[in-house]
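First comes the structure, then the notes that go with it.
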Amino acid sequence: MIDWTPITKAVNIPLREGRAVRVGGREIAIFHLEDRYLTIDNQCPHKGGPLCDGILSGTTVICPLHGQRFNLETGMPVMASQAACLTTYATRVEQGIVFVDLLGSKQEAA
């Protein structure tokens, strides 16, 4: 099942930055990489930091509160002793609008 939900205009998310959006009772962060957009839960599972405000490095974001890196493609922490992860969401852009699949394409690690 796919639920492509229109979120915002693509121009509202500057290149190599993230933006927080509250939708469907959750807060997600959409990041604009060179050739695509990636979406992940916005709250760091360790300190609750807003990941949309983190620094992007390739396909990872650095939590602004404690420096933990998260892979935007998998939601997994990079080089961490804890296995806490984030939900990622399939994202696409169509006619200048960012769509996120809030139901069928999310991935949650056990």
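The values are calculated or read from the model by the stated rules, or taken from the named source; none is laboratory data. These numbers were taken from a predicted model, which means no experiment stands behind them. Here the Cβ is made from the backbone with ideal geometry for all residues, glycine too, and neighbour counts use every protein chain on show.
Tabulated data for the structure shown
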read-out	value
Total residues in segment 22-56, condition of a type in the set (A, V, I, L, M, F, W, C), in contact (Cβ under 8 Å) with a residue 60 or more places away in the chain and under 23 Å from Gln68 (Cβ atoms)	2
Residue, surrounded by the fewest Cβ atoms within 10 Å (Cβ to Cβ), within segment 8-30, restricted to residues that are part of a loop (DSSP other than H, G, I, E, B) and of a type in the set (A, V, I, L, M)	Leu15
Residue that is closer than 16 Å to Val93 by Cα and either in contact with a strand residue (DSSP E or B) (Cβ under 8 Å, 6 or more places away or on another chain) or of a type in the set (Val, Ile, Thr) (or both), where the choices are Leu38, Leu56, Leu51	Leu38
Enumeration of residues in segment 31-68 that are among the small types (Gly, Ala, Ser) and surrounded by fewer than 16 Cβ atoms within 10 Å (Cβ to Cβ)	Gly48, Ser57, Gly58, Gly67
Test for Arg92: is it on the phi > 0 side of the Ramachandran plot and touching a residue at least 40 places away in the same chain (Cβ under 8 Å)	no
Hey, Ala84 at pLDDT below 90 and in contact with a Lys or Arg (Cβ under 9 Å, 6 or more places away or on another chain) or not	no
Enumeration of residues in segment 63-101 that are over 19 Å from Asp35 (Cβ atoms), among the aliphatic types (A, V, I, L, M) and within 12 Å of the chain's Cα centre (by Cα)	Met76, Leu86
Residues located in segment 21-55, provided they are more than 23 Å from Leu102 (Cα to Cα) and under 13 Å from the mean Cα position of the chain (by Cα)	Ile55
Total residues in segment 1-11, condition under 17 Å from Gln95 (Cα atoms) and either free of Cβ contacts under 8 Å to residues at least 60 places away in the same chain or among the hydrophobic types (A, V, I, L, M, F, W, C) (or both)	4
Test: residue in segment 31-53 that is under 21 Å from Ile13 (Cα atoms), of a type in the set (Val, Ile, Thr) and assigned to a loop (DSSP other than H, G, I, E, B)	no
